[in-house]
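*Asks:* Pasting a structure here, questions to come.
Bear in mind these aren't lab numbers, they're just calculated from the coordinates by the rules spelled out. Predicted model only: the values in this text are computed from it and were never measured. Cβ placement follows ideal geometry from the backbone for every residue including glycine, while neighbour counts extend to all protein chains displayed.
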Amino acid sequence: MLKYVALRLVLLIFIVFGVASITFVLSRVLPSSPAELMLGGRPTVEQVAAARQELGLDLPLVSQYFAYIREIFSGDFGDSLRTGEPVLAEIGKRIGATFELTTLSIIFVLLIGIPLGVLSAVRQNTALDNSTRAIAVVGVAIPSFILAMVLQLVFNGMLGWLPLQGRLDRLISLDNPIETVTGLFLVDSLLTGNWSAFQSALAHITLPVLTLTILLLAMVVRITRNSMVEVLKDDYIRTAFAYGLPKKSIYYRHALKATLIPMLTIVGLTYGNLLGGAVVVEYIFDWPGLGGLLVFSIIENDYPASIGATLFLAAIYLLINLIVDLLYFVVDPRLRSV
């Protein structure tokens, strides 16, 4: 087990190194001038040359690459060309919003998807099963930006029930600002008893969470159903039915337990997909998270911020997969001897 964990950590470092190399190449081939972006307006030739020297862009490409890798692995992503603040500080301001959005989404995906997948497997080829599979196909096929805009049109434009974008009403943020404790608005507003801010934060996060939940619900439902269908054919499940055990106990205690390994894999992949899918969703809903930072940085040619956000998301995705791999040993003790 320790050998496996050590191997995964080494592979994780190599993958991060590869992602960093790819982002370096992409940032250098883009048709933009970071020096002119940093200076703004119409800088002179001398100002551009001085800015290029400050950014290290006057060095040979190989020297730039090694300096870039050294700074990345030392945790220095540089300063944002748009705001002038350190990229890590920008990420720190936005990580709470992304974590709150993706965590709520994965909770709802699991709470709805697993029971729905179990029911679909138990009632195979019924109206419920056919409807569930049809919804799953639609959920996989629909693009995230289309679904987000449709929900905005319905719940804001037609019904007027939910806000269009943002994380908090402007008046609430001015009159009753949330005291930062964890960086999660829903949690912080509850901890400080700021009920008006809690209601506003809950209303603003509803549509983004609903969008991500619908998009990823299909994957969890399909995997749960397919795994349960296979497990229900096993002899020990038939024996449990023959002994007259309660059906709920058979389905949720015995059969579902046997599907934990593929379910853990799906949870890891789903959470990783949430981080990737949230980039588009955050941009559409003007959600102040890492996805919005990444999109705006790319649009504005702010390559230090775009590289920092990309590497941070990649590192989180790899860390989640590592945690899932380690949980395999907890769920199935037989793997510890491998």
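*Asks:* Out of residues 5 or more away from ASP79 or on other chains, whose amide H comes under 5 Å of its own, with H placed 1.01 Å from N in the peptide plane?
*Replies:* It is VAL87, by chain and number.
*Asks:* At 0.36 nm per residue, and after removing the present C-alpha to C-alpha distance, how many nm does the segment from ALA67 to VAL25 gain when stretched out fully? Can you show the working numbers first?
*Replies:* On the way: separation 42, 0.36 × 42 = 15.12 nm, distance 1.36 nm.
Extending this stretch completely gives an extra 13.8 nm.
*Asks:* Additional query: From the backbone phi of the range 231-247, what are the Karplus-calculated ³J(HN,Hα) couplings (6.51 cos²θ - 1.76 cosθ + 1.60, θ = phi - 60°) in whole Hz, Gly and Pro given as x?
*Replies:* Karplus values, whole Hz, x for Gly and Pro: 5, 5, 8, 5, 5, 5, 6, 4, 5, 4, 5, 5, 6, x, 5, x, 4.
*Asks:* Compute, for the chain, the length of the dipole vector about the Cα centre, with Cβ point charges of +1 (Lys, Arg) and -1 (Asp, Glu) only. Units Debye, rounded to 20.
*Replies:* Working: 23 positive and 24 negative charges, 353 e Å.
So the magnitude is around 1700 debye.
*Asks:* Looking at the square roots a ≥ b ≥ c of the eigenvalues of the Cα gyration tensor of the range 223-338, which shape do they give, rounded for a/c under 1.5, prolate if a/b is larger than b/c, or oblate?
*Replies:* Cα axes put the range 223-338 in the prolate bin.
*Asks:* While we're looking at this one, here's another question. Taking the Cα-to-Cβ direction at ALA50 and at LEU202 and moving 7 Å from each Cα, how far apart do the two end points lie in nm?
*Replies:* Using points 7 Å along Cα→Cβ, the separation is 5.5 nm.
*Asks:* Select from GLY113, ALA148, LEU269 the residue farthest towards the positive end of the dipole of the range 89-337; place +1 on Cβ of Lys and Arg, -1 on Cβ of Asp and Glu, and compute about the Cα centre.
*Replies:* The residue sitting most towards the positive pole is GLY113.
*Asks:* When the dipole is taken about the Cα centre of the range 74-231, and only Lys, Arg (+1) and Asp, Glu (-1) are charged at their Cβ, what size is it in debye, to the nearest 20? If you can, show how the numbers build up before the last one.
*Replies:* On the way: 9 positive and 11 negative charges, 129 e Å.
The dipole of the range 74-231 has a size of about 620 debye.
*Asks:* I've got another one for you. Test of understanding: what is the full-extension gain from ALA141 to LEU319, defined as 0.36 nm times their sequence separation minus their Cα-Cα distance?
*Replies:* Contour length minus Cα-Cα distance gives 61.3 nm.
*Asks:* Please order ASP302, ASP79 by the number of other Cβ within 10 Å, starting at the fewest. Show your work: numbers first, answer last.
*Replies:* On the way: ASP302 26, ASP79 19.
The fewest-first ordering by Cβ neighbours comes to ASP79, ASP302.
*Asks:* Give the cross-link partners of LYS247 among the lysines, using a straight C-alpha distance below 16 Å as the criterion and excluding same-chain residues fewer than 8 apart.
*Replies:* Output for LYS247: LYS233, LYS257.
*Asks:* For VAL150 and LEU190 in one chain, what is 0.36 nm times their gap in residues minus the Cα-Cα distance, to one decimal in nm? List each step's numbers first, then the result.
*Replies:* Numbers: separation 40, 0.36 × 40 = 14.40 nm, distance 3.08 nm.
Separation in residues times 0.36 nm, less the Cα-Cα distance, equals 11.3 nm.
*Asks:* For the range 84-117 and the range 223-272, write down the distance between their C-alpha centroids in whole Å.
*Replies:* With the range 84-117 and the range 223-272 each reduced to a Cα centre, they are spaced 28 Å.
*Asks:* In whole Hz, what ³J(HN,Hα) sequence does the range 281-293 give by Karplus (6.51, -1.76, 1.60; θ = phi - 60°), x for Gly and Pro?
*Replies:* 5, 5, 5, 5, 8, 6, 7, x, x, 5, x, x, 4
*Asks:* Which value in deg cm²/dmol, rounded to the nearest 500, describes the helix-derived mean residue ellipticity at 222 nm for the chain, given -39,500 (n - 2.57) per DSSP H run of n ≥ 4 and division by the residue count?
*Replies:* On the way: 14 runs with 240 residues, N = 338.
Helices in the chain give a 222 nm mean residue ellipticity of -24000 deg cm²/dmol.
*Asks:* Got a sec? How would SER63, SER173 order by Cβ neighbour count within 10 Å, fewest to most? Show your work: numbers first, answer last.
*Replies:* Working: SER63 11, SER173 14.
Least crowded to most crowded, the residues run SER63, SER173.
*Asks:* Shifting gears a bit: Arrange the following residues from fewest to most other Cβ atoms within 10 Å of their Cβ: VAL10, VAL229, VAL109. Intermediate values should be presented prior to the final figure.
*Replies:* Details: VAL10 10, VAL229 16, VAL109 26.
Listed from fewest to most nearby Cβ atoms, that is VAL10, VAL229, VAL109.
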